[in-house]
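Let me begin by presenting the structure, written as structure tokens, before commenting on it.
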Amino acid sequence: MAIRNGETYISGLCDGREVWYGGERVSDVSKFSQFQAAVRSIAELYDMQHLEEHRALLSCYSEEVEEEVGRSFQIPRNPEDLRLKREAYFLWARANCGMIGRSPDFLNVMLAALAAKKSFFAEGGKDRASNVLDYYRFVAKNDLFMTHALLDPQLDKGKLRNEQSDPDICLRVVDENQDGIILSGIKRIATAAPYADELLVWPFPPTFQEGEESYANVFAIPMNSKGLKTLCRPSFSNSGTTRDFPLSSRFDEMDATVVFDEVHVPWERVFVYKNIVLLNRMYRDSRMRELTAHQTNTRLEAKLGFVYSVIQRLAEAQGIENRPEVMEMLGEAAVKIEVIRSTTRSAEYQATLDHENGVLYPDLASLQAGRALGPIYYPEMIDMIRKMGGGALVQVPVTMAEFDSPVGQDIEKALRGAAISGQEKTQLLKVAWDLCGSEFGSRHELYEKNYAGERGALLMGVQREYYRKDDHLGHFNEFLEAL
Ligand SMILES: Cc1cc2nc3c(=O)[nH]c(=O)nc-3n(C[C@H](O)[C@H](O)[C@H](O)COP(=O)(O)OP(=O)(O)OC[C@H]3O[C@@H](n4cnc5c(N)ncnc54)[C@H](O)[C@@H]3O)c2cc1C
């Protein structure tokens, strides 16, 4: 069974999983009002896979799985694969205006990357390589929706995990038997965990030290595993109409903390076990970054394009789109989109074949540039919305329905713009507010700043691994020598 639709995804969610919201256990996540919007938007993505006009792009035959799978599961082997994968990511991202950061393709790509580099996992034992490959086949065959949780709780950063005042807080192995390993402790932040099918855990950042072996495990489990609890943040999914909350009523993906209470993980789902050396190398040597950043930068391109459109329309609504300073601002926004867009194309153009596994990897340096600039660009463009919207952003009525109330005409006049009715302008302002003023909008700024890890660490990694450095320095040395 591959290529699910929305209905099969939703029906799989009522599986006894333990999800907590506001101190109460959620009996059926698929029907819980606070998750409805996100569940529906994920279901829509699965439905798209069955539309005649999208099927060829969103799915493909996989040699590894030996059947048709979602495009994001494909392991790319030539430039055409990379192009089609990017176009598939973009199509899904556009469907939600780039607002679903953890859409299923994100982790599908990550898992495909791990499977493609199974040789890396074989270093921890030959079963580990087949575990990764079998798990990838299982998830792709069943078109499952995964989430992942990497981080430990923010405890004392000056101490190792085993040195914390309570060494049991961070997730670690507490026992093992012939069937598998038993883990207890906490991981965060698993976006979409309440309504995902599977959870992948791989600890991050890759700075594990001697003494932390029991914390250094990579594995995957179903979200309804016994002893696994999911704890939610407050929902930002406003329950009004889509006209009043155009984005937050549809695309608020839930962020969660996962708590393990003696959760059993069978050996066949264990990919790295108590191995700090391997874990510290995993992020780099599994080459997951090359494939995941190709997806995340594509999604960001779609999102920035949406934000750009809001700024443009706000300018037009006031008849100032041709003023020099406004054109300059819009030009600045357009440049940001193009830089992010260029990172994926440049990465494809400079892709290199890995002869060990025959995979064509997009160029990492190009993609990392996008991941480093996204956290700067996105908040800057959101600020442009604030600037362009000005006071009108807090002038909107509570609901769009007020245009039909006794004060409708007053509101119409108060919000009218240049060649745009008050009602149309209000609709635009409501989209703008969801991006720049609502809790949903605030969470999105935080997401773009953090989803790829802390930016400083990312930049240090860029510098550490900068493989064009020698070329630049070589030229510089020649220049000096010739003086
Ligand atoms: C909306 C959202 C969704 C997310 N979704 C997911 C998800 O699906 N899965 C997942 O695994 N993770 C997810 N994350 C987590 C994300 O990867 C982290 O937030 C990010 O890596 C930053 O880590 P942190 O939160 O631990 O912050 P920290 O790394 O603790 O940083 C907090 C502050 O401390 C500073 N700092 C950190 N270490 C040091 C140090 N040694 N010395 C001095 N200063 C230091 C940092 O510079 C920063 O200012 C999500 C985060 C957000 C905000």
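The values are calculated or read from the model by the stated rules, or taken from the named source; none is laboratory data. Predicted model only: the values in this text are computed from it and were never measured. Note that each Cβ is placed from the backbone with ideal geometry, even for glycine, and that neighbours are counted across all protein chains shown.
Summary table below
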quantity: Condition met for Phe476 (assigned to a helix (DSSP H, G or I), farther than 30 Å from Pro206 by Cβ and within 16 Å of the ligand (Cβ to nearest atom)); calculated: no
quantity: Cross-chain or 6+ apart pairs with Cβ under 7 Å, region 282-310 first and over 30 Å from Met329 (Cα atoms), then small (Gly, Ala, Ser); calculated: Ser286/Ala113; Arg287/Ala113; Met288/Ala113; Leu291/Ala112; Leu291/Ala113; Thr292/Ala113
quantity: Members of region 2-40 found to be on the phi > 0 side of the Ramachandran plot and exposed (fewer than 14 other Cβ atoms within 10 Å of the Cβ), listed by number; calculated: Gly16, Gly22, Gly23
quantity: Residue ranges of strands (runs of 3 or more DSSP E) in region 2-106 with at least 2 members basic (Lys, Arg) and in the same structural domain as Thr296 (by TED's automatic domain parsing); calculated: none
quantity: Test result for Asn131, farther than 21 Å from Asn450 by Cα and either of a type in the set (Asp, Glu) or touching a residue at least 40 places away in the same chain (Cβ under 8 Å) (or both); calculated: yes
quantity: Unmet requirement for Leu150, which otherwise passes all of (1) more than 17 Å from Ala220 (Cβ to Cβ); (2) free of Cβ contacts under 8 Å to residues at least 60 places away in the same chain; (3) not basic (Lys, Arg); calculated: (1)
quantity: Restricting region 427-454 to residues that are of a type in the set (Ser, Thr, Tyr) and either part of a helix (DSSP H, G or I) or within 9 Å of the ligand (Cβ to nearest atom) (or both), the residue that is nearest to the chain's Cα centre (by Cα); calculated: Tyr451
quantity: Hey, Glu262 at pLDDT 95 or above, under 30 Å from Met388 (Cβ atoms) and not in a helix (DSSP H, G or I) or not; calculated: no
quantity: Qualifying residues in region 404-426 (those that are among the hydrophobic types (A, V, I, L, M, F, W, C) and not in a loop (DSSP other than H, G, I, E, B)) - the one nearest to Glu321 (Cα to Cα); calculated: Ile420
quantity: Phe120 vs. criteria away from the ligand (no atom under 12 Å from the Cβ), under 27 Å from Leu435 (Cβ atoms), in contact (Cβ under 8 Å) with a residue 40 or more places away in the chain and not charged (D, E, K, R); calculated: no
quantity: Residue match in region 167-174 (condition: hydrophobic (A, V, I, L, M, F, W, C), within 13 Å of the ligand (Cβ to nearest atom), farther than 25 Å from Ala2 by Cβ and in contact with a Lys or Arg (Cβ under 6 Å, 6 or more places away or on another chain)); calculated: yes
quantity: Residue tally, condition surrounded by fewer than 21 Cβ atoms within 10 Å (Cβ to Cβ) and in a loop (DSSP other than H, G, I, E, B), over region 226-243; calculated: 10
quantity: Unique match (being surrounded by 23 or more Cβ atoms within 10 Å (Cβ to Cβ) and under 24 Å from Pro76 (Cα atoms)) among Leu304, Leu279, Leu291; calculated: Leu291
quantity: Out of Ala93, Ala149, Ala140, sole residue that is away from the ligand (no atom under 14 Å from the Cβ) and under 15 Å from the mean Cα position of the chain (by Cα); calculated: Ala93
quantity: Tabulated pairs, region 427-456, first under 20 Å from Met254 (Cα atoms) and of a type in the set (S, T, N, Q), second in a helix (DSSP H, G or I) and within 16 Å of the ligand (Cβ to nearest atom), C-beta under 9 angstrom, 6+ apart or interchain; calculated: Ser438/Ser248; Asn450/Pro375
quantity: Contacts under 6 angstrom Cβ, first residue in region 324-338 being assigned by TED's automatic domain parsing to the domain that holds Arg371, partner exposed (fewer than 13 other Cβ atoms within 10 Å of the Cβ) and of a type outside the set (S, T, N, Q), 6 or more apart; calculated: none
quantity: Thr207, sole failed condition from (1) within 13 Å of the ligand (Cβ to nearest atom); (2) in a strand (DSSP E or B); calculated: (2)
quantity: From Gly70, Gly23, residue being of a type outside the set (Phe, Trp, Tyr) and closer than 30 Å to Asp261 by Cβ; calculated: Gly23
